[in-house]
Amino acid sequence: MTDVRLQRLIETAPALRVLTDAAELEHYGRDWTRRWQPAPLAIALPATVEEVQAIVRWANAERVALVPSGGRTGLSGGAVAANGELVLSLERMNRVLAFDAIDRVLTVQAGVVLEAVHNAAREHGLAYPVDYAARGSCSIGGNIATNAGGIRVIRYGNTREWIAGLKVVTGTGEVLELNRGLIKNSSGYDLRHLMIGSEGTLGIVVEAMLRLTEPPPPTQVMLLALPSFEALMQVFSIFRSRMTLEAFEFFTDRALRHVLAHGAQRPFDDEHPYYVVTEFAAADEHQQAVALEAFEACLTEGLVVDGAISQSDAQAAQLWRLREGITESLAPHKPYKNDVSVRISSMPAFLAETQALIEAGYPGVDVVWFGHIGDGNLHINVVPPEGMPQDVFVAQCEQVTDLLSGALARHGGSISAEHGIGLVKKPYLLDTRSEAEVALMRGIKRVLDPNGIMNPGKVFDA
Ligand code: FAD
Ligand code: MLT
Ligand code: ZN
């Protein structure tokens, strides 16, 4: 290790694992965006809170930027290290620390993978309900830093709802224990919620107290084929009024084509413009009959043109794969991703405006729509035409995103529903948040990170 700054780091934390191999720098320096060339100084893999503190103090002394890093499944470039930063990976801090049956709280280190949290909750007869396709790789620290959403927000809310307490190392190296698992705590500003969704720009989450809940009731999964988006919104309204929905997700024929090309099985003989995967409580014959009646009513009205209902866990998984496989099937094409939200009531008007905008902005281009319709959250992915250089493609997409961002501002929506701002959506922050809000964010960052070492250049420029 020739860099004198790294030598001084090892002197202050002799047991700290530090990697500098080119392959490791490449591996830890990027997330799922694959747009920026990784160029970190090194990778630090602390095993204790004290080592995290030592790294932060060193970074302040040396003025080296830190990039907190979880599973690097992020889709907004938040964990990208392309400018000589030290990547601070939480991957070795991956232990479940405690479970309290009375509080129903699981305490974990930040590097625990989401699926391991699910498994630990299940072992105690309970559930941690935040869930989505990256469950096998994303970390709870990353989920907290992005306030991750996923496929069950319609029933259980975002990550924020499930955080009972946080242990955080701030940008000055101070350790804060926020909320300590309390349900009621009206003692001033709730700094826990400030940390949630801060994308590693204020400090490092090192531990979390997670609230657990009852396991979901037995469910069934239904796949629906629909003729139009208007029908889809009506079906959502009918289903929501009659059934307990655990998830209500949509995708288009173009999305299905990508998933099928990636090995999934075609669900229906005919092609249809829109599909819904919905999971709902089906604990007894009555609930199952109600769901079937809702489906038949929609079929009679012409709101639904085909459907399938799971009769086993394997069938449910097969239907879910059609929705959950979309991101992976698109990834090799390096799509330009939009992750926008509006209030559900604004959805029809926003959609009409957006669809017109997209059709005009990307004539003949493969634009793939999917998302969490019950949360007002649309993912609009644009697949680059074959052979188009990435910078030309991104510049073109950004012109359309400018217009999209304007439409969002008119409808009071957000340029990032759940993926975070990171680098990808930084140019559009001011269409979603006011100048005054961003000025306050900068002020807060100065207090918690006076030397600007925490993930600089992400969310906003200092
Ligand atoms: P990383 O990508 O490593 O980091 C994300 C951000 O968090 C970065 O800014 C990083 O600096 C910061 N960070 C990481 N760990 C810490 C820490 N301990 N302390 C402080 N800051 C930290 N997201 C959704 O919301 N909903 C979805 O449905 C969804 N589906 C996905 C499906 C797939 C297949 C993939 C690949 C991604 C999906 N994502 C989804 C995006 C991604 O999984 C989430 O953003 C996730 O929360 C990132 O976790 P991570 O551990 O991978 O974080
Ligand atoms: C999803 O809903 O599948 C995720 O947010 C991932 C994505 O947008 O690609
Ligand atoms: Zn999503």
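The values are calculated or read from the model by the stated rules, or taken from the named source; none is laboratory data. Being a predicted model, the structure only gives us computed values, none of them experimental. Cβ atoms come from the backbone with ideal geometry, glycine included; neighbour counts cover every protein chain shown.
Before we move on, is P14 part of a loop (DSSP other than H, G, I, E, B), over 25 Å from the mean Cα position of the chain (by Cα) and more than 16 Å from ligand 2 (Cβ to nearest atom)? Let's see the steps before the verdict.
Working: part of a loop (DSSP other than H, G, I, E, B): yes; over 25 Å from the mean Cα position of the chain (by Cα): yes; more than 16 Å from ligand 2 (Cβ to nearest atom): yes.
Considered against the rule, which asks whether it is part of a loop (DSSP other than H, G, I, E, B), over 25 Å from the mean Cα position of the chain (by Cα) and more than 16 Å from ligand 2 (Cβ to nearest atom), P14 comes out as yes.
For the criterion of being β-branched (V, I, T), touching a His at 6+ places or on another chain (Cβ under 6 Å) and within 28 Å of A81 (Cα to Cα), V383 passes.
Looking at P332, P385 in this structure, which one is assigned to a helix (DSSP H, G or I), of a type outside the set (A, V, I, L, M, F, W, C) and either modelled with pLDDT of 95 or more or more than 16 Å from ligand 3 (Cβ to nearest atom) (or both)?
Numbers: P385 fails: assigned to a helix (DSSP H, G or I).
Criteria check complete, one pass: P332.
Taking the criterion of being of a type in the set (D, E), modelled with pLDDT of 95 or more and surrounded by 22 or more Cβ atoms within 10 Å (Cβ to Cβ), would at least one residue in the stretch 102-125 satisfy it?
The first filter runs over the stretch 102-125 and keeps only residues of a type in the set (D, E), leaving 103, 115, 123.
Remaining after also requiring modelled with pLDDT of 95 or more: 103, 115, 123.
Add one more test, that the residue is surrounded by 22 or more Cβ atoms within 10 Å (Cβ to Cβ), and what stays is none.
Scanning the stretch 102-125 turns up no residue that is of a type in the set (D, E), modelled with pLDDT of 95 or more and surrounded by 22 or more Cβ atoms within 10 Å (Cβ to Cβ).
Could you check the stretch 343-354 and list, in sequence order, the residues that are touching a strand residue (DSSP E or B) at 6+ places or on another chain (Cβ under 8 Å) and either acidic (D, E) or at pLDDT 90 or above (or both)? T354 - this is the single residue of the stretch 343-354 that is touching a strand residue (DSSP E or B) at 6+ places or on another chain (Cβ under 8 Å) and either acidic (D, E) or at pLDDT 90 or above (or both).
The set of residues in the stretch 10-24 being surrounded by 13 or more Cβ atoms within 10 Å (Cβ to Cβ), without any contact (Cβ under 8 Å) to a residue 60 or more places away in the chain and not small (G, A, S) consists of I10, T12, L16, V18, L19, T20, E24. I'd like the residue in the stretch 115-152 that is within 12 Å of ligand 3 (Cβ to nearest atom) and touching a strand residue (DSSP E or B) at 6+ places or on another chain (Cβ under 6 Å) and, out of all such residues, is farthest from D339 (Cα to Cα). So the residue we want is R152. Annotation: of all residues in the stretch 148-163 being within 30 Å of E50 (Cα to Cα) and surrounded by 22 or more Cβ atoms within 10 Å (Cβ to Cβ), the one that is nearest to ligand 1 (Cβ to nearest atom) is A148.
Exactly one residue among L357, L322 is away from ligand 3 (no atom under 16 Å from the Cβ), part of a helix (DSSP H, G or I) and out of contact with any strand residue (DSSP E or B) (no Cβ under 6 Å at 6 or more places or on another chain), and that residue is L357.
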